[in-house]
1. As a test of the formula, what do you get for the chain when each DSSP H run with n ≥ 4 contributes -39,500 (n - 2.57) and the sum is divided by the residue count, at 222 nm and rounded to the nearest 500 deg cm²/dmol?
2. May I ask you to evaluate 6.51 cos²θ - 1.76 cosθ + 1.60, the Karplus curve with θ = phi - 60°, for each residue of the stretch 386-398 and list the ³J(HN,Hα) values in order in whole Hz, giving x for glycine and proline?
3. Report ³J(HN,Hα) in whole Hz for each residue of the stretch 240-256, in order, from the Karplus equation J = 6.51 cos²θ - 1.76 cosθ + 1.60 where θ = phi - 60°; Gly and Pro get x.
4. Taking H as built 1.01 Å from N, whose amide H comes closer than 5 Å to the amide H of VAL176, not counting residues under 5 places away?
5. Suppose R0 equals 41 Å; then what is the FRET efficiency for ASP37 and GLU152 from their Cβ-Cβ distance, rounded to the nearest 0.05?
6. Test of understanding: what is the full-extension gain from ARG118 to LEU409, defined as 0.36 nm times their sequence separation minus their Cα-Cα distance?
7. Given 0.36 nm per residue, what is the gain on full extension from ARG425 to ALA492 after removing their alpha carbon distance, in nm?
8. What are the extents of the Cα atoms of the stretch 184-269 along their three principal axes, in Å, largest first?
Amino acid sequence: MKRLVECVPNFSEGRDAAKVEAIVAAMRDVPGVFLLDRESDSDHNRSVITLAGEPEAVAEAALRGVGKAAELIDLTKHSGAHPRMGATDVVPFIPIEGVTIEDCVALARKVGREIWERFRIPVYFYEAAAQRPERTNLENIRKGQFEGLREEVLRNPDRAPDVGEPRLHPTAGATVVGARKFLIAYNINLNTPDIEIAKKIGKNIRFSNGGLRYVKAMGIDLKARHLAQVSINLTDFEQTPIHRVFEMAKREAERYGVSIVGSEIVGLIPKRSIELTADFYLQLENFSPAQVLENRLESSLGGITSEGPGKFAGLVQPFLDAVAQPTATPGGGSVAALAGALGASLGQMVAGLSRKKKSQSAFVESLSEAVADFQAASRGLAEVIDRDAASFESVMAAYKLPQGTPEELRRRGDAIELALQGAARVPLEVAHKAAEVFERLRQLESISSPSMVSDIRVGRLMAAAAVRGALENVAINLESITDSAFSGRVRAEAESLLARVTETIVAAGR
């Protein structure tokens, strides 16, 4: 399996093209690293570079970029509309394929330590890599920016970096390193230079002030364009789609007598986000991502031909073939996760069709939220399919460790115990997610089209099967785990989850 991570370092330079090119060249020279995108903005005085590749190669590329930026960027002479505290301001790692968010956390921590060792630039960790709860949000770390933090870090222990001495690099400041899900950097430009209006809109739409969840926003003055901008970070586009952000910003702008003259994406955006937006604005009936030409080509070129399975059977046949192979993985845990994902996908379908029916117009907002919830649940469960297989493979690898000496026996025993606990946690996660789908589908039945009740009931059956199947995998791993406290906690969780889905669809709905 390929292991791919994305890294999107932000550098505090967007006006000097030669400096930006030198930074990019330093990163691009690392073998196995692909430069996917580069964006520079003179008003923000900031460049955003998107890299992808094997984790270790991408980590090295990011480190070389940090080093080159420290050589070329002097924050004591820097100005720009975007907040910043470092020459390399932020370095996030994002899992793409064959890599978990936990892997990216470990990678971020390693890179953070190396930044200090190589360049003596102090480091703060954020998002999933944060070591303190208040540092999860980037804005909390960057408060005061370079100038303010430079003074406060000398006298306030709470502002000390996570790695390095409690003082900033004299010209390169400090760097924030982290791990997160895919983020969409999205800017909305207004037909006014009034920055106060942009700030008010940003305040009203961001989650920290009671706005949309997974939205961070602020007002920016685009002096070169004589415009005010609402600069937005969307941290989970599946939970809060980009069109919901646009529509709310549009309504807020109208309150202040201004309009939107355009919007822009900084960096890259997942195709799925565009598909969701197209579905929303075009109100497509029965739309499926399989109708997108590139998606269909990808499936076809992956081994499905016109002479093979039909269009729907062909989509699942590779997984069925993999399960059927005489190998231990993928096995029951992966199948349970797939069952839960199918149940969630049925919920997404029902909610999506129901919100387009006049008879359900009173529930449009709730149904739209349900679409996003089920989509996120389906994708989350699908992602666990590979992790379940990987966790079992870790157990097998631990059992194969040498056992010729007492020390080797001890290490082998510790490795087996750790791997078994991991193999129990993964299906337990599936059971939790599937139980939530089971209950969410019950809630959906009261607001969806009555003609689709059978789809909801099938979805609940699939979710219940996912819970029960996942817990079977939990139970078999617990049999070999020696940590009684861990086993006790997990068994209690399992019993609670099983009780939530003992009610059958027939008993609940008929």
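Only the coordinates and a few stated rules stand behind these numbers; no lab work does. All values derive from a computational prediction rather than experimental measurement. Because the Cβ atoms are built from the backbone with ideal geometry, glycine has one as well, and the counts that use them run over all protein chains shown.
1. On the way: 16 runs with 266 residues, N = 510.
-17500 deg cm²/dmol, from helical runs alone.
2. 6, 5, 5, 4, 5, 5, 5, 4, 5, 4, 4, 5, 5
3. Coupling constants for the stretch 240-256: 10, x, 4, 5, 5, 5, 4, 5, 5, 4, 5, 5, 5, 4, 4, 4, 9 Hz.
4. Hits under the 5 Å cutoff: VAL90, VAL91, TYR124.
5. It comes out at approximately 0.75.
6. 101.0 nm
7. Details: separation 67, 0.36 × 67 = 24.12 nm, distance 1.32 nm.
That works out to 22.8 nm of additional length.
8. Per principal axis, max minus min of the Cα coordinates gives 32, 27, 18 Å.
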